[in-house]
Amino acid sequence: MLKGSQHPPLKILLCAPRGFCAGVDRAIQIVELALTKFGPPVYVRHEIVHNRYVVESLRSKGAVFVEELDEVPDGDAPVIFSAHGVAKSVPETARQKNIFYIDATCPLVSKVHMEAEQRHATGHDILLIGHSGHPEVIGTMGQLPDGAVTLIENIEDAKNVQPADPDKLAYITQTTLSVDDTKEVIDIFRSRFPNIRAPHKDDICYATTNRQDAVKQIAPDCDAMIVVGAPNSSNSQRLREVAERSGCAISILIQTADDIDWGLFNGKRTVGITAGASAPEILVDEVIDAFRKRFDVQVETKVTATESISFKLPRSLQNVAAE
């Protein structure tokens, strides 16, 4: 115990980069600008991003979250599609119902959609590496006719898939996967199907890769690792797994500081903290403040990459952003 302190010492290693990525930041801006331009209510199909704090904050400003378009009442209120992307049938249904919609799909997800369409147009069957039921996967598979995309969730799927024509195959991936797990699956593809076509550029997004790299750097030096994020956030779950695999004995995912099991941190000297790409910085600050109440905290930020990417807003909202 440090002299003059009633709390035991604790070093916090803070990952950088962490938290919001450009796609999440853009999606949240789209909802806020739509509320400014059109006034509430603004409907959002599915959670705009996977974070309870963000969703509740937007709800308090007048956003109404729905799962399907048939929950949207008749009227002029706009509907926003989430950052995860949607199947082609969703905007088509919106047009049939004369619903004005704004697409907040992350441009990096849209890139995967375009790759799928391009490969399908050249006669390739598509193998999609991803997690069943995730909104991004549903949206990506929904870009093509039924049966054109085969979902590959793990190594076993990669070993057992039997394509109709092994020489006319292409693969794409969900943007928020474990980099290491995905590489293992791709290595199996390349071994089994030497002519398989890869994306022009890796589909796993820069933010997912950078956040995982940051965790790999600090996890071996930590007694415990905290990932701030939502349980239904793929990229946050992958960060927790990466910390565990990188040698950190305790790796937990929490939504807020209230979720911390303090018994896990008795006797710990070094704790790592990061945040998933849809978790706002205020939640990280609250976690650090909670530790300060119980420990004599020294915070050290570990910078492993810098990010300067930003994405354009939809044309219908650019004038509002400029004001």
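Each peptide in 224-237, 274-287 receives the mean, over its residues, of other Cβ atoms within 10 Å, and ordering these scores from highest gives 224-237, 274-287. A cut-off of 5 Å between modelled amide H atoms, ignoring neighbours fewer than 5 places along the same chain, links residue 197 with 169, 170, 171.
Taking the C-alpha atoms only, the angle from helix 22-38 to the longest principal axis of the chain is near 70 degrees. What does the C-alpha gyration tensor say about the overall shape of the stretch 108-192? Classify as rounded when a/c is under 1.5, otherwise prolate if a/b is larger than b/c, or oblate. Oblate, since a/c reaches 1.5 and b/c is not below a/b.
Remark: the Cα gyration tensor places the stretch 22-106 in the oblate category, a/c being 1.5 or greater and a/b not exceeding b/c. Only lysines eight or more places from residue 61 in sequence, or on another chain, were considered; those with a Cα closer than 21 Å are 37. Cross-link partners for residue 111 among the aspartates and glutamates, with Cα-Cα distance under 13 Å and sequence neighbours closer than 8 places in the same chain left out: 136, 202, 203. The ranking of 241, 47 from fewest to most other beta carbons within 10 Å of each one's beta carbon is 241, 47. For the chain, the relative contact order is 27 percent, taking Cα pairs closer than 8 Å that sit 6 or more residues apart in sequence and dividing their mean separation by the residue count.
What is the distance in Å between the Cα centres of the stretch 45-59 and the stretch 255-323? Each part's Cα centre sits 17 Å from the other's.
Against the chain, whose longest principal axis comes from its Cα atoms, helix 234-245 is set at around 50 degrees.
Dividing the Cα radius of gyration of the stretch 175-250 by its Kirkwood radius returns 1.05 for Rg/Rh. Centroid-to-centroid, using Cα positions, the stretch 174-198 and the stretch 82-157 are 19 Å apart. When you restrict to C-alpha pairs under 8 Å that are six or more residues apart and normalise by the size of the stretch 202-323, the relative contact order lands at 29 percent.
Evaluated over the stretch 171-297, the count of Lys pairs having alpha-carbon atoms less than 22 Å apart is 4 (only pairs 8 or more residues apart or interchain). Relative to the longest principal axis of the Cα atoms of the chain, the long axis of helix 206-218 makes an angle of roughly 30 degrees.
FYI, it's all coordinate maths here, none of it is from the lab. Owing to the predicted nature of the structure, the values given are computational and were not obtained by experimental measurement. So basically every Cβ, Gly included, is an ideal-geometry build from the backbone, and we count neighbours across all protein chains shown.
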